[in-house]
Amino acid sequence: DAKTTQPTSMDCAEGRAANLPCNHSTISGNEYVYWYRQIHSQGPQYIIHGLKNNETNEMASLIITEDRKSSTLILPHATLRDTAVYYCIVRVLLGGATNKLIFGTGTLLAVQP
Amino acid sequence: DAGVTQSPTHLIKTRGQQVTLRCSPKSGHDTVSWYQQALGQGPQFIFQYYEEEERQRGNFPDRFSGHQFPNYSSELNVNALLLGDSALYLCASSLFSGGSGELFFGEGSRLTVL
């Protein structure tokens with residue numbers, strides 16, 4: 001699985017959009033981009049994933065550049081409860097799946113009141 | 001619909017002892033993976049179980065072993081505990097095939113080795 005690079009930490013004002021970047025310059029054509037977050041002392045929580053098209057769900061939007069070498073997770077209206085470590089992970093999704101995720105150290109997003 | 005449940009939530013052991021952690025997957029899931037998370041680090045993959053067999057393994061010694069039962073629940077066993085085994089142990093469940101490939105994590109079992 002390709003490696004990812006994320007900033008160590010970011011701040012965001014409550015109510016504003018939080019944009020979390022991720023670089024994955026060695027991503028292969030069959031690798032998906034997944035985002036998880038981990039609120040302090042809890043298990044990681046799935047947010048969203050995508051292959052090459054932009055994706056949106058009730059939690060967030062995922063913007064993947066055309067060359068797929070980077071992506072941005074967008075939380076449209078950040079709240080204090082969004083303070084967490086956000087992990088960007090790239091992996092192949094296989095039938096009969098490998099469910100191994102390789103976590104980096106992620107981005108600590110601090111939402112400020 | 002119960003999510004992933006793990007037990008115990010916290011436990012303290014001494015060096016050399018053995019520990020067993022338990023996990024019940026989300027309803028409908030058939031695959032269980034275990035992760036170790038040291039303080040300040042991201043989770044590291046230990047192994048994955050499907051159809052009561054270990055399917056994949058990360059870079060962990062044989063002291064770490066597991067089991068999956070016919071009802072899909074799983075156990076993680078660690079023998080001859082070392083101080084460095086102190087960590088949050090996370091269980092994740094998923095579907096082996098089909099689905100979107102997302103994993104659902106439990107809240108973890110925090111192991112302290114003294």
All lysines inside 21 Å of residue B:26 as judged from Cα atoms, apart from same-chain residues fewer than 8 positions distant: A:100
Cα centroid separation, the stretch B:34-77 to the stretch A:68-85 (Å): 29
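May I ask you to derive the FRET efficiency for residue B:15 and residue A:54 from their Cβ-Cβ distance with R0 = 35 Å, giving the value to the nearest 0.05? Don't jump to the answer; show the numbers that get you there.
Values: r = 51 Å, r/R0 = 1.44.
Approximately 0.10, to the nearest 0.05.
On alpha carbon coordinates alone, what is the Rg over Rh value for chain A, Rh being the Kirkwood radius? It would help to have the intermediate numbers written out before the result.
Numbers: Rg = 13.5 Å, Rh = 14.2 Å.
Computed over Cα atoms, the ratio is 0.95.
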Formal net charge of residues neighbouring residue B:83 (Cβ-Cβ distance under 14 Å; K, R +1; D, E -1): +2
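First select every other residue whose beta carbon is under 13 angstrom from the beta carbon of residue A:19; then total the charges, Lys and Arg +1, Asp and Glu -1. The partial results should precede the final answer.
Details: positive: A:16; negative: A:11, A:82.
Every neighbour counted, the sum reads -1.
Two-decimal Rg/Rh of the stretch A:6-57 from alpha-carbon positions, Kirkwood Rh? Don't jump to the answer; show the numbers that get you there.
Working: Rg = 13.1 Å, Rh = 13.3 Å.
Taking Rh as the inverse mean 1/r over Cα pairs, Rg/Rh reads 0.98.
Among B:109, A:41, B:100, A:61, rank each residue by its count of other Cβ atoms within 10 Å, from fewest to most, as a rough exposure measure. Before the final figure, lay out each step's value.
Values: B:109 22, A:41 9, B:100 12, A:61 17.
Neighbour counts put them in this order, fewest first: A:41, B:100, A:61, B:109.
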For residue B:55, net neighbour charge (Lys/Arg +1, Asp/Glu -1) across residues whose Cβ lies under 13 Å away: -3
Three semi-axes of the equivalent ellipsoid, the stretch B:21-79, Cα gyration tensor, whole Å, largest first: 19, 13, 10
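Please give the per residue volume of the convex hull enclosing the alpha carbon atoms of chain B, rounded to a whole number of Å³. Could you put the intermediate results ahead of the total?
Working: hull volume 11.1 nm³, N = 114.
Dividing the Cα hull volume of chain B by its residues yields 97 Å³.
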Highest-MSF residue in chain B out of B:85, B:62, B:30 [GNM, Cα springs under 10 Å]: B:62
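Just want the ordering: A:68, A:81, B:63, A:37, from fewest to most Cβ atoms lying within 10 Å of their own Cβ.
Values: A:68 19, A:81 9, B:63 13, A:37 23.
Arranged by neighbour count, lowest to highest, A:68, A:81, B:63, A:37 become A:81, B:63, A:68, A:37.
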Cysteines without a disulfide-compatible partner [the protein assembly as shown; Cβ-Cβ under 4.7 Å]: A:12
Dipole moment magnitude, nearest 20 debye, chain A about Cα centre, only Lys, Arg, Asp, Glu C-beta charged: 220
Positive dipole terminus of chain B, leading residue within B:25, B:11, B:94 (C-beta point charges): B:11
Rg in Å to one decimal, and Dmax rounded to a whole Å, for the protein assembly as shown via C-alpha atoms: 17.7, 53
Residue of B:70, B:43, B:25 that the Gaussian network model of chain B assigns the largest fluctuation, springs spanning Cα pairs under 10 Å: B:70
Reachable lysines, given that their alpha-carbon falls under 16 Å from the alpha-carbon of residue A:69 and they are not under 8 places away in the same chain: A:3, A:52
Unit charges at the beta carbon, dipole of the protein assembly as shown: most positive-side option, A:17, B:77, B:2: B:77
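Computed from the coordinates by the stated procedures, all read-outs in this text should not be read as laboratory data. The structure presented is a predicted model; accordingly, all values stated were derived computationally and were not measured. Heads up, the Cβs are rebuilt from the backbone with ideal geometry, glycines too, and the neighbour counts pull from every protein chain shown.
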